[in-house]
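The values are calculated or read from the model by the stated rules, or taken from the named source; none is laboratory data. The shown structure was predicted, so the numbers you read here are calculated from the model rather than taken from an experiment. Ideal geometry is used to build each Cβ from the backbone, glycine not excepted, and the neighbour counts take in all protein chains shown.
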Amino acid sequence: MPNEFPLRKIIHVDMDAFYASVEQLDNPELRGKPIAVGGNSQRGVVSAASYEARKFGVRSAMSSVIAKRNCAALIFVKPRYDRYSEISKSIRQIFYDYTDLVEPLSLDEAYLDVTTNKKGNPSATLIAQEIRQRIFQELQLTASAGISINKFIAKVASDYNKPNGQKTVNPEEVISFLEELDIRKFYGVGKVTAEKMYKLGIFTGKDLKAKSFEFLEEKFGKSGGYYFNVVRGIHHSEVKPHRIPKSLGAERTFSENLSSEVFMLERLEHIATEIERRLKKSGIAGKTITLKIKYSDFTLQTRSKTLPYFVAEKELILETAKELLYQEKMENSVRLLGISLANLNTEKEKPAKKEEHVSVQLKFDF
């Protein structure tokens, strides 16, 4: 068993119902009520839901019509992203009081590496508790946290005692924690993958661990190696203060469904223009272009093509998007179109590899 396993102290902080909580903070009349941040129209989508709304089954990315059907008393609030960004910066300033190794995932969550920290505190558990207390005292918002030896386990743990709680998975608890975990709780296992795993008799981490590297690679491709490793507590990814994007894209939801490809091409041109602007600003280019299509019945379809060279110009992106659009017949009228670029010139290829079972230092203080 390898001794070089990099044992770290990682905290994943996740704000509780962030957008909705900010709205309730700024408007006391909304506190304790079921609210949804998003558009209250036939074509609206819920961006975030308060915990009061979640009790009725209201979730982010849900159609506003369905959300209202689930909760008749639901109050819709227009999103204020500038305000969320402002508060997010204040939260990150609190993080930086403890470590410079902060990797934001979005406005409302981030990884922190506190193996060595500015407070000289050997307990990641106590640091997480202090950070959550400060967020509440200074910003009147609650956060949840997960603490463990790597990013994967910390992120899974942060969802364990939500809202306004935290969960520490100590080194000696890692294997048993992962074995008992429902496969749906594994970060990186979505709904489709979970269904596939169920059909293969994989319901828990213990079931997943029983499968060989070769079996998982055969069934899940490159992701198979990832599943093989993480269920054994192996995840070497470091907290990166400046995250390198793996993809870049833009999409648009239309006020009326589009049934004519002529109108779709017009919208795709606007999207390609926006992507070119972002690519040039970031100095990024990509090889794989993906067209995203959401139909009026909410079914989603993606079509991709990988080019032999990197592109960042609107004309080349649009040309490929057009090709993908005409690749097959439209199944229905379209409510959303999107284009994204992956396989960026910022990535380094790393083949999935089988790693042996990990040994951990049981006296590592958390």
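Answer yes or no as to whether residue 279 is more than 30 Å from residue 181 (Cβ to Cβ), under 23 Å from the mean Cα position of the chain (by Cα) and in a helix (DSSP H, G or I). Break it down into steps so the answer makes sense when it comes.
Working: more than 30 Å from residue 181 (Cβ to Cβ): yes; under 23 Å from the mean Cα position of the chain (by Cα): yes; in a helix (DSSP H, G or I): yes.
Yes.
What are the pairs with Cβ atoms under 7 angstrom where one residue, in the range 309-330, is assigned to a loop (DSSP other than H, G, I, E, B) and the other, located anywhere, is among the charged types (D, E, K, R) and surrounded by 13 or more Cβ atoms within 10 Å (Cβ to Cβ)? Sequence gap at least six, or different chains.
Hits for this filter: 312/276; 312/280; 313/276; 327/303.
Which one is farthest from residue 218 (Cα to Cα) among residues in the range 176-195 that are assigned to a helix (DSSP H, G or I) and touching a residue at least 24 places away in the same chain (Cβ under 8 Å)?
The qualifying residue farthest from residue 218 (Cα to Cα) is 177.
Of the residues 289, 284, which single one is in contact with a helix residue (DSSP H, G or I) (Cβ under 9 Å, 6 or more places away or on another chain), over 15 Å from residue 326 (Cα atoms) and β-branched (Val, Ile, Thr)? Outline the logic, then answer.
On the way: 289 fails: over 15 Å from residue 326 (Cα atoms).
Step by step, each of 289, 284 is checked, and only 284 is in contact with a helix residue (DSSP H, G or I) (Cβ under 9 Å, 6 or more places away or on another chain), over 15 Å from residue 326 (Cα atoms) and β-branched (Val, Ile, Thr).
Applying the selection to the range 230-265, what residues are modelled with pLDDT of 90 or more and assigned to a helix (DSSP H, G or I)?
The answer is 230, 264, 265.
For every residue, the table says whether it meets (1) closer than 18 Å to residue 266 by Cα; (2) exposed (fewer than 13 other Cβ atoms within 10 Å of the Cβ).
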position	(1), (2)
279	no, no
293	yes, no
299	no, yes
302	no, yes
307	no, no
319	yes, no
333	yes, no
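Checking the conditions here, which among 190, 221 is under 19 Å from the mean Cα position of the chain (by Cα), small (Gly, Ala, Ser), surrounded by fewer than 16 Cβ atoms within 10 Å (Cβ to Cβ) and over 27 Å from residue 127 (Cα atoms)? Show your work before the answer.
Working: 221 fails: under 19 Å from the mean Cα position of the chain (by Cα).
Answer to the selection: 190.
Has the range 64-75 got any residue that is assigned by TED's automatic domain parsing to the domain that holds residue 163 and small (Gly, Ala, Ser)?
No, the range 64-75 contains no residue that is assigned by TED's automatic domain parsing to the domain that holds residue 163 and small (Gly, Ala, Ser).
Write out, first by first residue and then by second, each pair whose Cβ atoms fall under 6 Å of each other, whose residues are 6+ apart or on separate chains, and whose first residue, in the range 105-130, is within 25 Å of residue 19 (Cβ to Cβ) and outside any loop (DSSP other than H, G, I, E, B) while the second is modelled with pLDDT of 95 or more and among the aromatic types (Phe, Trp, Tyr).
Close Cβ pairs (under 6 Å, with a partner that is modelled with pLDDT of 95 or more and among the aromatic types (Phe, Trp, Tyr)) amount to 112/95.
Among the residues of the range 147-175, write down those that are in contact (Cβ under 8 Å) with a residue 60 or more places away in the chain, over 30 Å from residue 50 (Cβ atoms) and charged (D, E, K, R).
Within the range 147-175, 172 is the sole residue that qualifies.
Among the numbered criteria (1) out of contact with any Leu (no Cβ under 7 Å at 6 or more places or on another chain); (2) free of Cβ contacts under 8 Å to residues at least 24 places away in the same chain; (3) not acidic (Asp, Glu); (4) not in a loop (DSSP other than H, G, I, E, B), which one does residue 85 miss?
Of everything listed in (1) out of contact with any Leu (no Cβ under 7 Å at 6 or more places or on another chain); (2) free of Cβ contacts under 8 Å to residues at least 24 places away in the same chain; (3) not acidic (Asp, Glu); (4) not in a loop (DSSP other than H, G, I, E, B), residue 85 misses just condition (1).
With respect to residue 68, is the statement that it is surrounded by 13 or more Cβ atoms within 10 Å (Cβ to Cβ) and among the charged types (D, E, K, R) true?
Values: surrounded by 13 or more Cβ atoms within 10 Å (Cβ to Cβ): yes; among the charged types (D, E, K, R): yes.
So residue 68 fits the description; yes.
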